[in-house]
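Working notes, beginning with the structure itself.
The values are calculated or read from the model by the stated rules, or taken from the named source; none is laboratory data. Only a predicted model underlies this, so the values are computations on that prediction, with no experimental measurement involved. As a convention, Cβ positions derive from the backbone with ideal geometry for all residues, glycine included, and neighbour counts pool all protein chains shown. Please note that ligands, DNA and RNA were not included when accessible areas were found on the heavy atoms of the full protein model with its side chains. Shrake-Rupley method; radii C 1.70, N 1.55, O 1.52, S 1.80 Å.
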Amino acid sequence: MALIVQKFGGSSVANAERLQNVARIVTAEADKGNNVIVVVSAQGDTTDELIEKAREISPDASARDMDFLLNTGEQISAALLSMLINKMGYRATPLTGWQAGFLTDSNHGRARIRRLNTERLENEIGKNNIVIVTGFQGINRYDDITTLGRGGSDTSAVAIAASLHADKCQIFTDVDGIYTADPRVVPGANKLNSISYDEMLELASLGAQVLHNRSVEMAKKYNVRLEVLSSLENKPGTIVKEVSKMEKMLIKGVAKDDNIARISLVGVRDEPGFAFKVFSLLASLKINVDIILQSIGRDGTKDITFTVAADDVKAAVNALNDAQESIGFAKLAWDDNVSKVSVVGAGMESNPGVAAKMFEALSEANINIHMISTSEIKISVLIDKDLAKNAVNAIHEAFEA
Ligand code: ADP
Ligand code: ASP
Ligand code: MG
């Protein structure tokens, strides 16, 4: 008897008809004699709607209150799916994140899983029940409800698959696999049969929301083979796994991240310790800094520009302005009308010319680059947000040729 983990995203559980479709997929697996643990997201746009509801009441609601609200979305999906499966004559048990044993840190809104107590899950599986777990949530050591960050249900599913050594971990979604670019942005994007953990991790971290980046990180660490596939079409999807060197392609995909903002500190005193002050302040607020660019000093001052997630820009700007005197800069400017566009491919470390080809495509499309950052397997550029779709298409086309 195999153990299968199946995760269904928001659009796959959006209404009664879609839930029925999910129930069919899940029970077909149970009919094969397998144990199934299902992880569900909130229906359709429920999470966005809940966020909107909170904003109307209090734009500055605490992260703890937000988590208390947001976790309800997943609970509705789990309850409804359980009712359907039970009605079909199978035995289903819905469990919230804490009932399923998800213990997290206290970083509300972006909590990390500390431990998964699998006792209850194993117990239910032992009784041959179909277990339905709410994705994206857990509790901290004070028994407060936490959430894992947007898209976090993928990570819940991988955590279960890793802890229980599941035979399969399937991520059902609204596209039939992982493509060389978001198929909604680049209609001619190609579907991949497989992709390596490292490449997928880069793509996910650079904005390809088809998988939560932490789910890929965890899958790599515990060697969980993931399959991304459609909940509406019965065909093979894309496998995320360790890939041998031979299979490494020059470019695996293009990604776009619109959730980004640029902050510039102008007229910074050109002396040691400045970068430490800025970035330790942001780190203490758990704000991640991405691309960093520093100008050459002139007349005893310099400028420094960096990017953060757009969700964090308000907090970052407030904290920096509060500390203006102790940090020592003349002016702060910020802008969230920017996007980051990246190419990813494990083959590029041994192939010079990838950057040139990317910049040529952008130049031909008349797109100005504000910032550049590179690593062994990716190149990212920061550009104006309204040009980002064009940029993704131009770059995709250049590498396809
Ligand atoms: P779910 O609700 O099932 O978790 P998501 O919306 O989080 O679904 O992720 C699926 C979406 O990811 C797709 O609809 C697609 O627009 C987007 N996407 C972005 N980049 C890619 C890519 N490289 N391959 C496939 N889908 C992608
Ligand atoms: N419902 C949550 C979100 O919309 C989690 C998820 O879908 O994975 O971000
Ligand atoms: Mg998702």
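The single condition among (1) closer than 22 Å to A204 by Cα; (2) among the β-branched types (V, I, T); (3) within 16 Å of ligand 1 (Cβ to nearest atom) that V133 does not satisfy is (1).
Looking at the range 140-150, can you tell me whether even one residue there is outside any loop (DSSP other than H, G, I, E, B) and near ligand 1 (Cβ under 10 Å from one of its atoms)? The answer is no, given that none of the residues of the range 140-150 is outside any loop (DSSP other than H, G, I, E, B) and near ligand 1 (Cβ under 10 Å from one of its atoms).
Being on the phi < 0 side of the Ramachandran plot, out of contact with any helix residue (DSSP H, G or I) (no Cβ under 6 Å at 6 or more places or on another chain) and buried (at least 22 other Cβ atoms within 10 Å of the Cβ): is that true of V392 here?
Values: on the phi < 0 side of the Ramachandran plot: yes; out of contact with any helix residue (DSSP H, G or I) (no Cβ under 6 Å at 6 or more places or on another chain): yes; buried (at least 22 other Cβ atoms within 10 Å of the Cβ): yes.
So V392 fits the description; yes.
When V224, V240, V268, V228 are checked against the criterion of being buried (at least 17 other Cβ atoms within 10 Å of the Cβ) and more than 30 Å from H165 (Cβ to Cβ), a single residue qualifies: V268.
Take S380 and tell me if it is among the small types (G, A, S), open to solvent by less than 10 Å² (accessible area, probe 1.4 Å) and not in a loop (DSSP other than H, G, I, E, B). For S380, the condition - among the small types (G, A, S), open to solvent by less than 10 Å² (accessible area, probe 1.4 Å) and not in a loop (DSSP other than H, G, I, E, B) - is met.
Within the range 365-376, residues that are without any contact (Cβ under 8 Å) to a residue 24 or more places away in the chain reach partners that are open to solvent by less than 40 Å² (accessible area, probe 1.4 Å) and part of a strand (DSSP E or B) with beta carbons closer than 8 Å, at six or more positions or on different chains, in the pairs N368/I383; I369/V381; I369/L382; I369/I383; T374/S380. Within the range 271-306, being surrounded by 15 or more Cβ atoms within 10 Å (Cβ to Cβ) and more than 18 Å from I327 (Cα to Cα) holds for D290, I291.
Considered as a group, the residues in the range 117-128 that are surrounded by fewer than 19 Cβ atoms within 10 Å (Cβ to Cβ) and in contact (Cβ under 8 Å) with a residue 12 or more places away in the chain include one that is farthest from V26 (Cα to Cα), and that residue is N117. Screening G177 on (1) away from ligand 3 (no atom under 16 Å from the Cβ); (2) open to solvent by less than 30 Å² (accessible area, probe 1.4 Å) shows it passes everything except condition (1).
Rundown of residues vs (1) away from ligand 1 (no atom under 11 Å from the Cβ); (2) part of a helix (DSSP H, G or I); (3) under 26 Å from G126 (Cβ atoms), yes/no style:
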{"site": "S12", "(1), (2), (3)": "no, yes, no"}
{"site": "E17", "(1), (2), (3)": "yes, yes, no"}
{"site": "Q20", "(1), (2), (3)": "yes, yes, no"}
{"site": "R24", "(1), (2), (3)": "yes, yes, yes"}
{"site": "T27", "(1), (2), (3)": "yes, yes, yes"}
{"site": "Q43", "(1), (2), (3)": "no, no, no"}
{"site": "T47", "(1), (2), (3)": "no, yes, no"}
{"site": "I51", "(1), (2), (3)": "yes, yes, no"}
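Within the range 191-206, being closer than 23 Å to L387 by Cβ and open to solvent by 20 Å² or more (accessible area, probe 1.4 Å) holds for E202, S205.
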